[in-house]
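The values are calculated or read from the model by the stated rules, or taken from the named source; none is laboratory data. A quick note: this is a predicted structure, and the numbers were derived from the prediction, not measured. Cβ sites come from the backbone with ideal geometry, for glycine too, and all protein chains shown count toward neighbours.
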Amino acid sequence: MKNILGFTLVELALVIAVGAILTVSGSIPVSAMLKKIAVDSTSDNMLLAIQNARQNSVNSKDTESWGVCLVSNRIYVFSGTCDSNGRKESYTLQSLSSVSGLNTTTFSKLYAEPNPANGLLNVVVSSGSYSKTLSVNASGGVSVIVN
């Protein structure tokens, strides 16, 4: 009888099954990590846009008040109005994240108080079960809360 080298069908099926289990178990944490990165990136861009608009208002850059607005998947820092002529800077939102609660908001010159000043601006950036809330208070200060 000859000795034949190789793998049996059972051994091959076992290796494929173990590989499939490892692939599936590794993809779940990767998916959650990608969603967290998308929320972190989008909230960082949102915070940067708000801070830039506030700073430009405090410095009285140009003659108009400055603000932020959301158009499609971009956050714009604008001077005057959020039309194409007023847009000065833009930040792209990550495709895995969603933004709610951001209306066109301007900041008063010198004091950088948000308009309308009678309430808080709460912007929620989320993806899956992970989210962050950016809150702008009546004096224009920004806080970030991880939910």
Original post:
Quick one: is residue 38 in contact with a strand residue (DSSP E or B) (Cβ under 8 Å, 6 or more places away or on another chain), hydrophobic (A, V, I, L, M, F, W, C), more than 24 Å from residue 137 (Cβ to Cβ) and touching a residue at least 40 places away in the same chain (Cβ under 8 Å)?
Top reply: yes
**OP:** Name every residue in segment 110-147 that is at pLDDT below 80 and in contact with a Leu (Cβ under 9 Å, 6 or more places away or on another chain), in order of residue number.
**Re:** 121
Original post:
Got a number for residues in segment 30-61 being more than 20 Å from residue 98 (Cβ to Cβ), surrounded by 20 or more Cβ atoms within 10 Å (Cβ to Cβ) and out of contact with any Leu (no Cβ under 9 Å at 6 or more places or on another chain)?
Top reply: 3
**OP:** Name every residue in segment 48-106 that is touching an Asp or Glu at 6+ places or on another chain (Cβ under 6 Å) and of a type in the set (Gly, Ala, Ser), in order of residue number.
**Re:** 79, 80
Subject >> Output for segment 60-118, where each listed residue is touching a residue at least 40 places away in the same chain (Cβ under 8 Å) and among the aliphatic types (A, V, I, L, M) >> reply: 93, 96, 99, 102, 110, 112
**OP:** Filter segment 83-135 down to residues that are over 13 Å from the mean Cα position of the chain (by Cα) and of a type in the set (Phe, Trp, Tyr) and give me whichever is nearest to residue 44 (Cα to Cα).
**Re:** 107
Original post:
Taking segment 96-145, which residues are crowded, with 18+ Cβ neighbours inside 10 Å, among the polar types (S, T, N, Q) and over 19 Å from residue 57 (Cα atoms)?
Top reply: 97, 126, 127, 131
Original post:
When you go through 89, 64 one by one, which is the residue that is of a type outside the set (A, V, I, L, M), in contact with a strand residue (DSSP E or B) (Cβ under 6 Å, 6 or more places away or on another chain), modelled with pLDDT under 85 and surrounded by 14 or more Cβ atoms within 10 Å (Cβ to Cβ)?
Top reply: 64
